[in-house]
Each structure stands twice: as C-alpha cells, then as structure tokens.
C-alpha cells in the first residue's frame, strides 16, 4: 500500500525546446532531466505513489521510438515504484511507453476520504465533475500560463519549483478555496440565433 500520494505534470523530459519555451533555468535538457529526477527521488518515497498529469517526455527530434527510449531511461532513474500517468498531448500511444507506468488514464476522478470529489486531467477545464459542490480539478498543460479558476490548480513543474507536490496538503489547501454554487444555470451560450450561421444545415420541420 502506498505511504503517500504525490502529484506533478509537464516534466517534458528530454525536450531541450522546453527550456526556452517555458523559461526554465537549465543550461540543457540533460541538466533539466537530472534536476527533476533528483527532485522526485528526494521527495517521493520508493513505496509512495506519484500521479503524473501528462507530458512525461517532450517530443524527440528522432521520432516516437527515440522518445519512448528516453522515457524508459528516465523512468529507470526514478526510484518510486508506482507512477500513474494521466495521458498528455505529448505522451505517445504506445504499449512500450505505457508499460513504464502502473496505470495510464485519460482522466481520473475519485472521492477523498471526506467525500471531496477530486478530478485529475492533463487539460485545464472550465467545468468539471462536482465543481458546484466543491469538487477540485488538478491539471497540467498550461505551464503556469492560466489564471486559477475556482477550485482548480496547475500542478505542473513550472508552477512548483520543478518538484512534485504532496497531494494531501494540496487538497487541504484547496478545500479552503471558495467555489461557485449557482442558484440557476447561466445562459451565456443558449438560445443561439441560427441566422448567425447561414451555412449550417438544419433539419426540416414536418408540417
């Protein structure tokens, strides 16, 4: 049984372009990989579970096989035995890649011990399960480039000093965040005027 749960995202291991694109303070991809692997090994215990919200490795100039090979080399350096991946847009759809992880999901949703709804997805969303009852969303992809909305948080390494975050203290903090519980559903994109889309084929109404 895992002793502690951790969460991270958007490591982009091996992607040198990520340094300039996201303003990372590393001289090259090797140094970036080493710093983030060291951070995981320093914080996450061997028997802990790490929830990685996607983009484990970035694109490789030599293609998918080279990307998977680099992911395998990085994974062999991470001492944590249990890594669950929430697939990101750069994670290859490949059995050899998926075998590096305990499980692979597109989206994960569960209830914490106090019944708090927790959603984990690579993509930031504007609406998520349980949102109006206080449910939280953990996401990646944005690299700190979006304002926080309600009980959602970017758990990517660019927001957290390139280290994984302990899940339980994070959820305890998020429980104190305000959330909206609308008395009625907003009508911002309802009753659209079909004349605004003249080329949209509409079904004929029987007389």
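The values are calculated or read from the model by the stated rules, or taken from the named source; none is laboratory data. All values derive from a computational prediction rather than experimental measurement. No Cβ is skipped: glycine too gets one built from the backbone with ideal geometry, and neighbour counts run over all protein chains shown.
Read through the list (1) closer than 23 Å to residue 38 by Cα; (2) in contact with a helix residue (DSSP H, G or I) (Cβ under 9 Å, 6 or more places away or on another chain); (3) surrounded by fewer than 21 Cβ atoms within 10 Å (Cβ to Cβ), then give the number of the only condition that residue 112 fails.
Result: residue 112 passes all but (1).
Hey, residue 123 hits all of (1) in contact with a helix residue (DSSP H, G or I) (Cβ under 6 Å, 6 or more places away or on another chain); (2) within 16 Å of residue 51 (Cα to Cα); (3) part of a loop (DSSP other than H, G, I, E, B) but one; which does it fall short on?
(1)
Out of curiosity, is residue 142 touching a strand residue (DSSP E or B) at 6+ places or on another chain (Cβ under 6 Å) and in a loop (DSSP other than H, G, I, E, B)?
yes
Take the residues in segment 124-134 that are free of Cβ contacts under 8 Å to residues at least 24 places away in the same chain and in contact with a strand residue (DSSP E or B) (Cβ under 6 Å, 6 or more places away or on another chain); name whichever of them is surrounded by the fewest Cβ atoms within 10 Å (Cβ to Cβ).
129
Out of segment 150-167, which residues are more than 18 Å from residue 36 (Cβ to Cβ) and either touching a helix residue (DSSP H, G or I) at 6+ places or on another chain (Cβ under 6 Å) or free of Cβ contacts under 8 Å to residues at least 24 places away in the same chain (or both)?
151, 153
Among the listed residues 197, 100, identify the single one that is more than 16 Å from the chain's Cα centre (by Cα) and over 29 Å from residue 22 (Cβ atoms).
197
Return a yes/no flag: does segment 57-80 have any residue that is in contact (Cβ under 8 Å) with a residue 60 or more places away in the chain, closer than 18 Å to residue 166 by Cα and surrounded by fewer than 19 Cβ atoms within 10 Å (Cβ to Cβ).
Within segment 57-80 (the criterion being in contact (Cβ under 8 Å) with a residue 60 or more places away in the chain, closer than 18 Å to residue 166 by Cα and surrounded by fewer than 19 Cβ atoms within 10 Å (Cβ to Cβ)), the answer is no, since none of the residues qualifies.
Out of 19, 40, I need the residue that is buried (at least 20 other Cβ atoms within 10 Å of the Cβ) and either in contact (Cβ under 8 Å) with a residue 60 or more places away in the chain or not in a loop (DSSP other than H, G, I, E, B) (or both). Which one?
Result: 40 is the single residue among 19, 40 that is buried (at least 20 other Cβ atoms within 10 Å of the Cβ) and either in contact (Cβ under 8 Å) with a residue 60 or more places away in the chain or not in a loop (DSSP other than H, G, I, E, B) (or both).
Among the residues of segment 149-165, write down those that are at negative phi, part of a loop (DSSP other than H, G, I, E, B) and buried (at least 19 other Cβ atoms within 10 Å of the Cβ).
151, 155, 156, 164
Please determine, by comparing only the residues of segment 48-66 that are outside any loop (DSSP other than H, G, I, E, B) and in contact with a helix residue (DSSP H, G or I) (Cβ under 8 Å, 6 or more places away or on another chain), which one is farthest from residue 85 (Cα to Cα).
57
Scanning for something surrounded by fewer than 19 Cβ atoms within 10 Å (Cβ to Cβ), more than 19 Å from residue 155 (Cα to Cα), modelled with pLDDT under 95 and touching a helix residue (DSSP H, G or I) at 6+ places or on another chain (Cβ under 7 Å), does segment 90-104 turn up at least one residue?
Yes, some residue in segment 90-104 is surrounded by fewer than 19 Cβ atoms within 10 Å (Cβ to Cβ), more than 19 Å from residue 155 (Cα to Cα), modelled with pLDDT under 95 and touching a helix residue (DSSP H, G or I) at 6+ places or on another chain (Cβ under 7 Å).
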